[in-house]
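Heads up, the thing below is written out as structure tokens.
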Amino acid sequence: MATVAVVGTQWGDEGKGKIVDILSQNADYIVRFQGGNNAGHTVVIDGNKYILHLLPSGILHEGKKCLLGNGMVIDLEGLLNEIEFMKRVGVKLEGRLFVSERAHLIFPYHKELDAASERLKGDGKVGTTLKGIGPAYKDKAGRVGIRIADLEDPEEFKEKLKWNVREKELTLKYVYNYPVSFSVDKIYSTTLKLYEKVKDFVCDTVSLLNREIDLGKKVLFEGAQATLLDIDVGTYPFVTSSNSSALGIASGSGVSPKKVEKVYGIAKAYTTRVGSGPFPTELKDKVGELLRARGHEFGSTTGRPRRCGWLDLFALKFSVMVNDLDGLVITKLDVLDAFDQIKVCVGYEVNGELLENFPSTAKELERVRPVYETLPGWRKETTKVKSLKDLPPEAKNFLRFIEDYLGVPIYMVSTGPQRDETIEIKSLW
Ligand code: IMP
């Protein structure tokens, strides 16, 4: 297999970072295609914990090439921080990091607009990461965004910036009644200084990537966020502002969908969500608290406690469909080691009727009642288990139940944060 993609199947934080890290060992290129530093991928290597927001997790593998695609929105300061962090821990980036000149930039006014919009929405807020993601994509779609390529011509950049700053000042003042703390001069000089330090990594990634794929190089596409946060098929409006399912790979990397050979979905053995929005299997009781404590469910970007609940197979089935998943990776199985009984949601009911399809609107999803099957727990530690056959029978039964319900094979099971706390069932490459 030369091109594979990994995407989240729930509401994010499925543990994609670790799986991408493992898969990176066999990849030539690791490509991010959407989002920005709203993502937080945690990788633990030799006991050291790395949290990456922009750079693909593959960057920690010597010699592997990492690419930030045209579909991303990039905060140059965040990018430089990660580049400098990598240098400090001895990771060489020269010749290994490629940033798309077509990617859009996040500026301070995007972050202020994010905060102002959330404030105005009040109880109806999305619960964003406040990284300016939505406003940056809004500018992109509105055709007023500033791309990395624009920084090559400082005069033109200044003109575009002036227009944007004026528009944002007016919006913040008259729409949001929100204080403005940015200026053209400050953004202009800071951005150009930052650009000087990262410009050697900037290039035409679309041509590069297509050329390399045609040469047979192995490419791993790394999704950030997840399918149910996708702007088009997710639980709108409680979503991120990009196509964070496999649907975004082509547009966000400039590679035809015909070139993506396999798509794998990552699913946690239970469900979590950060931010607002419907969550049918959410548990606001001791069971939810136990899941949060055992799973260390606190946001790696914002530190917010994650909402926790049982595995929602009905939602997962929708993810399997839209991504046309070839296989699944189940993560954090060990978190369930402590439970006598494990529930899985196998359907949604509204007014006593079972739904056929996953709801298209958040309003409808708020109204559903999850229908559960209860499976026996295993009450044994799974973290040290290295092969499927050595898992407790109840854990094998749980995994088989997932496969049977979804009609998709499980390729890998993760039982802890370390690279070797993994059960490989089939090769993902
Ligand atoms: P935004 O991407 O900052 O605009 O946030 C929109 C929604 O996506 C919020 O509910 C966030 O909590 C959620 N979100 C964004 N990035 C992540 C992530 O990496 N993991 C989980 N949720 C995320």
Inside the stretch 279-317, can you point out the residues that are within 15 Å of Leu228 (Cβ to Cβ) and of a type outside the set (A, V, I, L, M, F, W, C)?
Pro280, Thr281, Glu282, Arg306, Arg307, Gly309, Asp312, Lys317
Scan the stretch 297-307 and give yes if some residue there is away from the ligand (no atom under 15 Å from the Cβ) and not aromatic (Phe, Trp, Tyr), otherwise no.
no
When you go through (1) open to solvent by 30 Å² or more (accessible area, probe 1.4 Å); (2) more than 30 Å from Phe358 (Cα to Cα); (3) modelled with pLDDT of 95 or more one by one for Ser181, which number turns out not to apply?
(3)
What's the number of the only condition in (1) more than 11 Å from the ligand (Cβ to nearest atom); (2) closer than 28 Å to Lys363 by Cβ; (3) not aliphatic (A, V, I, L, M) that Phe279 fails to meet?
(1)
Residue ranges of strands (runs of 3 or more DSSP E) in the stretch 219-306 with at least 2 members over 30 Å from Phe98 (Cα atoms)
271-273
Restricting to the stretch 200-235, name every residue that is β-branched (Val, Ile, Thr) and on the phi > 0 side of the Ramachandran plot.
none
Residue under evaluation Lys396, criteria (1) farther than 21 Å from Glu424 by Cβ; (2) open to solvent by 10 Å² or more (accessible area, probe 1.4 Å); (3) away from the ligand (no atom under 16 Å from the Cβ); (4) not in a loop (DSSP other than H, G, I, E, B), criterion not met:
(1)
I'm checking my understanding of the structure. Among residues of the stretch 1-24 that are closer than 20 Å to Ile330 by Cβ and assigned to a loop (DSSP other than H, G, I, E, B), which one is farthest from the ligand (Cβ to nearest atom)?
Thr9
Restricting to the stretch 199-218, count the residues that are aliphatic (A, V, I, L, M), in a helix (DSSP H, G or I) and surrounded by fewer than 19 Cβ atoms within 10 Å (Cβ to Cβ).
2
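Residue-wise test of (1) of a type in the set (Asp, Glu); (2) without any contact (Cβ under 8 Å) to a residue 12 or more places away in the chain; (3) under 19 Å from Lys268 (Cβ atoms).
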| site | (1), (2), (3) |
| --- | --- |
| Asn323 | no, no, yes |
| Gly327 | no, no, yes |
| Val335 | no, no, yes |
| Gly352 | no, yes, no |
| Lys363 | no, yes, no |
| Glu381 | yes, no, yes |
| Val408 | no, no, yes |
| Met412 | no, no, yes |
Hey, can you tell me all the residues within the stretch 112-154 that are open to solvent by less than 60 Å² (accessible area, probe 1.4 Å), farther than 28 Å from Ser100 by Cα and either part of a loop (DSSP other than H, G, I, E, B) or basic (Lys, Arg) (or both)?
Val126, Gly127
Only listed residue being surrounded by 18 or more Cβ atoms within 10 Å (Cβ to Cβ), modelled with pLDDT of 95 or more, more than 13 Å from the ligand (Cβ to nearest atom) and over 25 Å from Val31 (Cβ atoms), chosen from Tyr270, Tyr264
Tyr270
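The values are calculated or read from the model by the stated rules, or taken from the named source; none is laboratory data. The model shown is predicted, which means the values in this text are computed figures rather than measured ones. Note that we place each Cβ from the backbone using ideal geometry, even for glycine, and neighbour counts take in every protein chain shown. Quick note on the areas: whole protein, heavy atoms, side chains included, nothing else; ligands and nucleic acids left out. Shrake-Rupley method; radii C 1.70, N 1.55, O 1.52, S 1.80 Å.
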